[in-house]
Structure formats: structure tokens, C-alpha cells
1. Before we move on, is Leu114 modelled with pLDDT of 95 or more and of a type in the set (A, V, I, L, M, F, W, C)?
2. Can you say whether Glu120 is surrounded by 15 or more Cβ atoms within 10 Å (Cβ to Cβ), outside any strand (DSSP E or B) and not aliphatic (A, V, I, L, M), as far as the supplied structure shows?
3. I'd like to check something: does segment 89-96 contain any residue that is buried (at least 20 other Cβ atoms within 10 Å of the Cβ) and more than 29 Å from Pro18 (Cβ to Cβ)?
4. If you check Arg72 against the conditions, is it in contact with a His (Cβ under 7 Å, 6 or more places away or on another chain), within 20 Å of Arg123 (Cβ to Cβ) and either part of a strand (DSSP E or B) or modelled with pLDDT of 95 or more (or both)?
5. Go through (1) in contact with a strand residue (DSSP E or B) (Cβ under 8 Å, 6 or more places away or on another chain); (2) exposed (fewer than 13 other Cβ atoms within 10 Å of the Cβ); (3) modelled with pLDDT under 95 and name the single condition Thr22 misses.
6. Conditions: (1) touching a helix residue (DSSP H, G or I) at 6+ places or on another chain (Cβ under 8 Å); (2) assigned to a strand (DSSP E or B). Phe95 meets all but one. Number of the miss?
7. Scanning segment 20-66 for residues that are among the acidic types (Asp, Glu) and not in a strand (DSSP E or B), which turns out nearest to Val117 (Cα to Cα)?
8. Checking the conditions here, which among Phe95, Phe17 is aromatic (Phe, Trp, Tyr), out of contact with any Lys or Arg (no Cβ under 9 Å at 6 or more places or on another chain) and within 13 Å of Leu118 (Cα to Cα)?
Amino acid sequence: MSISDYISKLESVINSFPITVTYSLTIDRKTNDIALISGKIEFRNDAILDFKEFIEDTEHGVEKYKYAYNLRAGEDIIFRYDNAPDPRVRRLKTFPYHKHLKGGEIIESHQIELSDVLEEIERTYINDLA
């Protein structure tokens, strides 16, 4: 899969969720094989998911090296998934993968995809935030 194919797949995933009202993507091509994708997805309850993915097209396909998915309602952070090597999460078995919760707690996670985050938002947060 090329970076262009990956971007098309992201747009397809975003459009497949009826909770999505609008979205924007910014593609910063560092080289032909490396890109930083950032985006903003607005939901029908006015919550917003800001996200970024740093990807590379390798001989094994597109690999995602860094990511962050940040759900917010206004200025209130609901959660954030990321894989930053935060020293506070070194104790977690899933390091560097983790999730920040609204109250400041940081819990274990796994490498996550945008579709996983959108499913969680649809299942857990859309009605609760409305």
C-alpha cells in the first residue's frame, strides 16, 4: 500500500462513520516515502477528534511510527491515545502505547488505528457528550 492509498483508506474510514459531520486532513510529505498526516474530525455532538500520524512507505507496506488521537469537547479533553515515549508510562506493560483519561490517569493501550478510535467514540462517547 502506498502513502496515497493509505490516505484514501483513512478518508474512507472517516466517511464510513455516520457520527462524522465534517473533517479535514493535512498531508505534509517529507519525502516520497514519508508523510505526516494531521486531521480534525467534528462529530454531531460537537466533540472533535484531533489526530496525527507519522508514516513511512516501506518494503513491508506503510508503517506508522508515531500517532496521537485526541478527543475533546470544547476545551475539555475526553481522552488521548498516543505512543510518545513519555517517561510517566515506562512502567506500563504496553509502553510506549498508552491512553490518557479525562482525570489525568494514564492506562495501558495497544497500537491503535483511527478506525478503533472512531468505533470507541461512536460506542461510548457520542450520546454521553450530547
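The values are calculated or read from the model by the stated rules, or taken from the named source; none is laboratory data. Remember, predicted model here, so these are calculated numbers, not experimental data. Reconstructed Cβ throughout: ideal geometry from the backbone, glycine too, with neighbour counts over all protein chains shown.
1. Criteria met by Leu114.
2. yes
3. Yes, the conditions are met somewhere in segment 89-96.
4. no
5. Against the list (1) in contact with a strand residue (DSSP E or B) (Cβ under 8 Å, 6 or more places away or on another chain); (2) exposed (fewer than 13 other Cβ atoms within 10 Å of the Cβ); (3) modelled with pLDDT under 95, Thr22 comes up short only on (3).
6. All conditions pass for Phe95, except number (2).
7. By that ranking, first place goes to Asp46.
8. Phe17
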